[in-house]
Amino acid sequence: MMKKIITLLFVCILSACTTFDPSLQNAIAYGSITEVNESTNDVNKELLVRLYQSPTENNDCYIETEGVCQYQFFLSVSTFDEKPETAIYPLNFTGEVQNIEWIESQAVDVAVLDFTVQTYTSNAVMNNSNLEQSSRILRIKVSPHSIEEVSNKI
């Protein structure tokens, strides 16, 4: 009996040691959420997709003041089933998302999204004219099981 109690206590202690990625914690705690399903109305959506953003720690692009230079992003995806499958993924880009377009897809439980992303936030560029602002379109294919960057258009 004592051996079972010690084993149970050990498992409880180990499970308490697991933590979220601090960047994800920040995005959930005080970042902003974009309901991606609302971005394009004429596409049949089989998933619930949300974009979370929070400021990166690199915020030294402002001159004589502080502000957000870039955001980091996470994408959550969920099916609409009775027992939904869910996932959350960190995205491999920083900057500021200007537009999200949901692209029609024949695949089941897959969202194809075009993100228009700028290198820096608009406010950072207004504060510091030395920043080189560029824009790109990233196509992301996401499901509750995987995420893939399909293309990087300029």
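The values are calculated or read from the model by the stated rules, or taken from the named source; none is laboratory data. A quick note: this is a predicted structure, and the numbers were derived from the prediction, not measured. Backbone-built Cβ (ideal geometry, glycine too); neighbour counts: all protein chains shown.
In the stretch 117-154, how many are within 14 Å of the chain's Cα centre (by Cα) and within 30 Å of I63 (Cα to Cα)? Can you show your working first?
Residues of the stretch 117-154 within 14 Å of the chain's Cα centre (by Cα): 117, 138-144, 146-149.
Cutting the leftovers down to within 30 Å of I63 (Cα to Cα) gives us 117, 138.
Residues meeting the conditions: 2.
Taking the stretch 96-121, which residues are surrounded by 13 or more Cβ atoms within 10 Å (Cβ to Cβ) and assigned to a loop (DSSP other than H, G, I, E, B)?
Residues satisfying the conditions are S105, D109, V110, T119, Y120, T121.
For W102, which of the numbered conditions (1) of a type in the set (F, W, Y); (2) within 16 Å of S39 (Cβ to Cβ); (3) touching a Cys at 6+ places or on another chain (Cβ under 7 Å) fails to hold?
(3)
From the residues in the stretch 122-154 that are charged (D, E, K, R) and surrounded by fewer than 17 Cβ atoms within 10 Å (Cβ to Cβ), which one is farthest from N37 (Cα to Cα)? So that I can check it myself, show each step before the final result.
So in the stretch 122-154, the residues charged (D, E, K, R) come out as 132, 136, 139, 141, 148-149, 153.
From the residues that got through so far, the ones that are surrounded by fewer than 17 Cβ atoms within 10 Å (Cβ to Cβ) too are 132, 136, 139, 148-149, 153.
On the way: E132: 31, R136: 21, R139: 16, E148: 19, E149: 19, K153: 22 Å.
Among those that are charged (D, E, K, R) and surrounded by fewer than 17 Cβ atoms within 10 Å (Cβ to Cβ), it is E132.
Tell me, please, whether a residue that is more than 12 Å from L47 (Cβ to Cβ), at pLDDT below 95 and exposed (fewer than 13 other Cβ atoms within 10 Å of the Cβ) can be found in the stretch 77-86. Show your work before the answer.
Within the stretch 77-86, the first condition is being more than 12 Å from L47 (Cβ to Cβ), and the residues that meet it are 82-83.
In the following step, the residues that additionally are at pLDDT below 95 were identified as 82-83.
With exposed (fewer than 13 other Cβ atoms within 10 Å of the Cβ) added as a condition, the list becomes 82-83.
Checking the stretch 77-86: at least one residue is more than 12 Å from L47 (Cβ to Cβ), at pLDDT below 95 and exposed (fewer than 13 other Cβ atoms within 10 Å of the Cβ).
In the stretch 108-150, which residue that is of a type outside the set (D, E) and free of Cβ contacts under 8 Å to residues at least 12 places away in the same chain is farthest from T65 (Cα to Cα)? Let's see the steps before the verdict.
Within the stretch 108-150, the subset of a type outside the set (D, E) is 108, 110-113, 115-131, 133-147, 150.
Now narrow it down to the ones that are free of Cβ contacts under 8 Å to residues at least 12 places away in the same chain: 125-126, 129-130, 146.
Numbers: V125: 13, M126: 12, S129: 14, N130: 15, S146: 40 Å.
Ranking the candidates gives S146 first.
Taking F93 and the conditions (1) of a type outside the set (V, I, T); (2) surrounded by 12 or more Cβ atoms within 10 Å (Cβ to Cβ); (3) outside any strand (DSSP E or B), which numbered condition does it fall short on, given that it satisfies the others?
The number of the failed condition is (3).
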